[in-house]
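Please treat every number below as a calculation from the coordinates, not as lab data. This structure is a prediction, so every number in the text was calculated from the model and none was measured. A quick note on method: Cβ atoms are made from the backbone with ideal geometry, for glycine too, and the neighbour counts reach across all protein chains shown.
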Amino acid sequence: MKSLEELAKIRERMQNKVVLREGQANIRVAVGMATCGIAAGARPVLNTLVEEVAKRNLNDKVTVTQTGCIGMCRFEPIVEVFEGDKERVTYIKVTPEKAKEIVEKHLVGGNPIAEYTIGAAEN
Amino acid sequence: MIRSHVLICGGTGCTSGGSQAIGEKLQREIDRLGLTDEIKIVRTGCFGLCANGPVMIVYPEGTFYSHVKVEDVTDIAEEHLLKGRVVERLVYKEAEGLKLEDVPALGETNFYKTQLRVALRNCGVIDPENIEEYIAMDGYQALGKVLTEMTPQEVIDVMKKSGLRGRGGAGFPTGTKWQFAAANTADQKYVVCNADEGDPGAFMDRSVLEGDPHAVLEAMAIAGYAIGASKGYIYVRAEYPIAVHRLEVAIGQAREYGLLGEDIFGTGFNFDIDVRLGAGAFVCGEETALLTSIEGNRGEPRNKPPFPANKGLFAKPTIINNVETLANIPQIILKGADWFASMGTEDSRGTKVFALGGAINNTGLVEIPLGTTLRHIIYDIGGGIPNGRKFKAVQTGGPSGGCIPASLLDTPIDYGNLTRIGAMMGSGGMIVTDDSTCMVDFARFFLDFTVDESCGKCTPCRIGTRRLLELLNKITEGNGTLEDLDKLEELCKYIKANSLCALGQTAPNPVLSTLKYFRDEYEAHVVEKRCPAGVCKNLMRYYIQPDVCRGCTACARKCPVGAISGKVKEPHVIDTTKCIKCGACIETCKFNAIVKK
């Protein structure tokens, strides 16, 4: 170690990884990962979400977790976004492509994508 | 891409509970389920809740599992890690019967919520064998700051202003110690870390070394810069294999990253550290004996003065700091002296780690701001006394400390207060006793330890402690007199005043404090020939309650020495002169007619 910059570089690179252990961030994204969810393809969705969140350095703001079956198996893979006091947003039949869009438009941009939500399917 | 970290405690407590095998099986399960690239297992140091081990925590959810067994691993992997369903039966619930949704987050449990973790901040959070995780937690930032922005005197001034006192027992102000060593000129000076933690029931330093070894290395380098030393030694006992291993790994990594060695951060500052293993002699925790041992001689203390800061290791100026003291230092440099001084009391700044043991529910490791009361530590954090028994006393400072009775439970803990009530801070062992403990026997246990551990160099300690033990044995065997109590006290004072080192000077503390607060128990042994707690075997009597005895003769037939006599269907009697107190009659009696008094 010949300079403080080197130390700062390691620190920055690693902080992104250990931030996971600080518990839940303000925005929580829960992916339904019960048998129904997994069968419908929730795993690639979960992985895409984790990768996208890390790529955009959102780890201190967004926590990606799994959850069990919420009882609407026909709509799986389901992704729910919880943010502070706001009403939760439930996305259904999510694909890795949709997941990328959710990160970009909703988590970064702050605008939920109405047409992917359960409300859109019921109408 | 890693989405979840599973932190498994790799401290000594959980390791002996099988956490190594649990970690290995969990890795196999993760591989089997195809989660290898998604979930990372991190082996950490002690979480503190040793009584509930082996423990693990799953992030980002922060689910805390306790009492995990190898058989539970498949469930955790298949249910939680794969499907996201928390394994409810393993979740740590502070109160019985709590519903899952009501379980508080780990930081909100009674055990953790009033703790303040400074020395233990990384224990149970990072992988101690990965230097980069330490760096992520601001590791080596303080060393960088010191080397590039501060003069050695400025570092010493910060230490003085912070009010940090030595955590090894005596509580000497750290900044002052550094100042003494810095003021001396010499071609070589040394920084020594005292990791020879030997009190029965103490495991604070071990846990810091196991959980956060780099904090100690960083602090030693800072100390080296402050006093002008380029060489450090860590004296750690060989009985701490996990701590030794992690220290060696840490030193290797720090050298590899150029954080130890020559020209650190390109500033021209050189510092390196070596580990020296102690063979487990208690006296080597005394600083001059420790230095003698590092020099390759038999570990015996030497006279002070000269103090080590003037003439220490290999007759060069040396500072000796305890592990926990050192673990505080990087934070003090980064956050400032005022931040540290804002915690604790006027007399004792900062926090202190305590190892809770004995008759207490949450056996484990806690760190609290100084000035917290004993009652809070024992009842709120420690969860009280198990089996509905009554609190009797708490022994702080191990064999050098004293016991504190229930009437003093509301004393705020700091260096001054503990000394005033006849105990001492010591390194932080805290052994809780309940009403089934005989205080005379308790003092005898510690004396037995100091007699064994006395190095024999000076007469008051070598012979004095032996005589003390003999007097205590005489009392517990029922042969004591009231004069013996006065003799005990006189001998204690003599040993304290005349011993060469702290081992002898503090060895009588357990006797003096039990005499002071539990004199009635001593008197019961001497005058009434009775042990109130029913511990001292020679003073116990077996007795058949005539109104309960049915005269079934079962006990008389069972008694191996024929001490029980009586006619069929009439109450039996025990001849106490023949009775050997084996307890066979109590086990045999179906009517609970036989009691010990």
Quiz item: Given H placed on each backbone N at 1.01 Å, which residues far from B:Ala563 in sequence or on other chains put an amide H within less than 5 Å of it?
Solution: none
Quiz item: Which of the helices in chain B, when you take each full DSSP H run, stretch at least 15 Å along the axis at their Cα atoms and have an average Kyte-Doolittle score of -1.0 or higher?
Solution: B:152-162, B:213-227, B:241-256, B:323-335, B:439-453, B:459-476, B:482-498
Exercise. Name the shape class, rounded, prolate or oblate, that the alpha-carbon gyration tensor gives for the range B:186-296, where a ≥ b ≥ c are the square roots of its eigenvalues, rounded holds for a/c under 1.5, and otherwise prolate holds if a/b is larger than b/c and oblate otherwise.
Key: oblate
Quiz prompt | Pairs beyond 30 Å (Cα-Cα), from B:Lys474/B:Lys596; B:Lys40/B:Lys69; A:Lys98/B:Lys25; A:Lys98/B:Lys83; B:Lys392/B:Lys590 | solution = A:Lys98/B:Lys25; B:Lys392/B:Lys590
Quiz item: When the scattering of the range B:351-434 is computed by the Debye formula from its Cα atoms alone, each counted once and equally, what is log10 I(q)/I(0) at q = 0.20, 0.21 Å⁻¹?
Solution: -0.81, -0.90
Self-check item: Placed amide H near B:Arg349: partners under 5 Å, 5+ positions off or other chain
Solution: B:Arg165
Self-check item: Leading residue at positive end of dipole, chain A (Cβ point charges), from A:Asn111, A:Leu7, A:Val50
Solution: A:Leu7
Exercise. Counting residues in the range B:439-526 as N, plug N into 2.2 N^0.38 Å and put the Cα Rg over that result.
Key: 0.99
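With the Cα gyration tensor of the range B:131-341 giving a ≥ b ≥ c as the square roots of its eigenvalues, does the rule (a/c under 1.5 for rounded; else a/b larger than b/c for prolate; else oblate) give rounded, prolate or oblate?
Note, shape of the range B:131-341 comes out rounded.
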Self-check item: ³J(HN,Hα) computed for each position of the range B:563-576 - Karplus, 6.51 cos²θ - 1.76 cosθ + 1.60, integer Hz, glycine/proline x
Solution: 8, 9, 9, x, 8, 4, 6, 10, x, 8, 10, 9, 7, 5
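What percent do you get for the relative contact order of the range B:4-108 when only Cα pairs under 8 Å and 6+ apart count?
Across the range B:4-108, relative contact order equals 29 percent.
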Self-check item: Cα long-axis angle, helix A:4-18 against chain A (0 to 90 degrees, to the nearest 10)
Solution: 20
Quiz item: Lys/Arg Cβ at +1, Asp/Glu Cβ at -1, dipole of the range B:107-186 taken about the Cα centre: which of B:Ile126, B:Tyr112, B:Pro173 is farthest positive-ward?
Solution: B:Pro173
Quiz item: Using the eigenvalues of the Cα gyration tensor, what equivalent ellipsoid semi-axes result for the range B:263-324 when each is taken as the square root of five times the eigenvalue, whole Å, largest first?
Solution: 24, 15, 10
Self-check item: Estimated Rh, the range A:4-122: Kirkwood, alpha-carbon pairs, angstrom
Solution: 14.8
Practice problem: With a Förster radius of 35 Å, plug the Cβ-Cβ distance of B:Lys581 and B:Lys390 into 1/(1 + (r/R0)^6) and report the FRET value to the nearest 0.05. | Solution: 0.90
Quiz item: Near the amide H of B:Ser499, under 5 Å away, which other amide H atoms are found, from residues 5 or more places off or on another chain, if H is placed in the peptide plane?
Solution: none
Quiz item: Which pairs break 19 Å Cα to Cα here: B:Lys231/B:Lys316; B:Lys304/B:Lys487; A:Lys17/A:Lys86; B:Lys145/B:Lys311; A:Lys9/A:Lys61?
Solution: B:Lys304/B:Lys487; A:Lys17/A:Lys86; B:Lys145/B:Lys311; A:Lys9/A:Lys61
Exercise. Please report the orientation-averaged projected area of the range B:244-288, defined via the convex hull of its C-alpha atoms, in nm².
Key: 4.2
Practice problem: In whole angstrom, note down how far apart the Cα centers of the range A:18-51 and the range B:143-221 are. | Solution: 44
Self-check item: Shielding by partners, peptide B:134-146 (average Cβ within 10 angstrom, other chains)
Solution: 4
Quiz item: Once phi is turned into θ = phi - 60°, what whole-Hz ³J(HN,Hα) does the Karplus curve with 6.51, -1.76 and 1.60 give for every residue of the range B:300-314, x standing for Gly and Pro?
Solution: 10, x, 10, 5, 10, x, x, 6, x, 4, 9, 9, x, 5, 6
Quiz item: When averaged across all projection directions, what area in nm² does the alpha-carbon convex hull of the range B:541-596 cover?
Solution: 3.1
Exercise. Divide, for the range B:385-432, the radius of gyration over alpha carbons by 2.2 N^0.38 Å, where N is the residue count.
Key: 1.12
Self-check item: Protection proxy ranking of B:377-389, B:282-294 - average other beta-carbon atoms within 10 Å, highest first
Solution: B:282-294, B:377-389
Quiz item: Separation of the range B:1-79 and the range B:382-420 by C-alpha centroid, Å?
Solution: 35
Quiz item: If you plug each phi of the range B:539-551 into the Karplus form 6.51 cos²θ - 1.76 cosθ + 1.60 with θ = phi - 60°, what whole-Hz ³J(HN,Hα) values come out, in order, with x for Gly and Pro?
Solution: 9, 7, 10, 8, 9, 9, 6, x, 6, 9, 5, 9, x
Quiz item: So what is the relative contact order for chain B, in percent, with contacts set as C-alpha pairs under 8 Å and at least six apart?
Solution: 12
Practice problem: Choose one of B:Ile329, A:Phe82, A:Ile92: the residue whose Cα lies farthest towards the positive end of the charge dipole of the protein assembly as shown (beta-carbon charges +1 Lys, Arg; -1 Asp, Glu; about the Cα centre). | Solution: B:Ile329
Practice problem: Over the alpha-carbon set of the protein assembly as shown, divide Rg by the Kirkwood Rh and report the Rg/Rh ratio to two decimals. | Solution: 1.05
Quiz prompt | Candidate aspartates and glutamates for bridging to B:Lys569, where Cα separation is under 15 Å - those fewer than 8 sequence places away on the same chain excluded | solution = B:Asp547
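Before rounding to the nearest 500, sum -39500 (n - 2.57) across all DSSP H runs of length at least 4 in chain B and divide by the residue total; then give [θ] at 222 nm in deg cm²/dmol.
Values: 22 runs with 212 residues, N = 597.
Counting only the DSSP helices, I get -10500 deg cm²/dmol.
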Quiz item: Is the shape of chain B best called rounded, prolate or oblate, per the rule: a/c under 1.5 gives rounded, else a/b larger than b/c gives prolate, else oblate, with a ≥ b ≥ c the square roots of the Cα gyration tensor eigenvalues?
Solution: oblate
Quiz item: Any idea what angle helix A:42-55 forms with the longest principal axis of chain A, computed on alpha-carbon atoms, 0 to 90 degrees, nearest 10?
Solution: 30
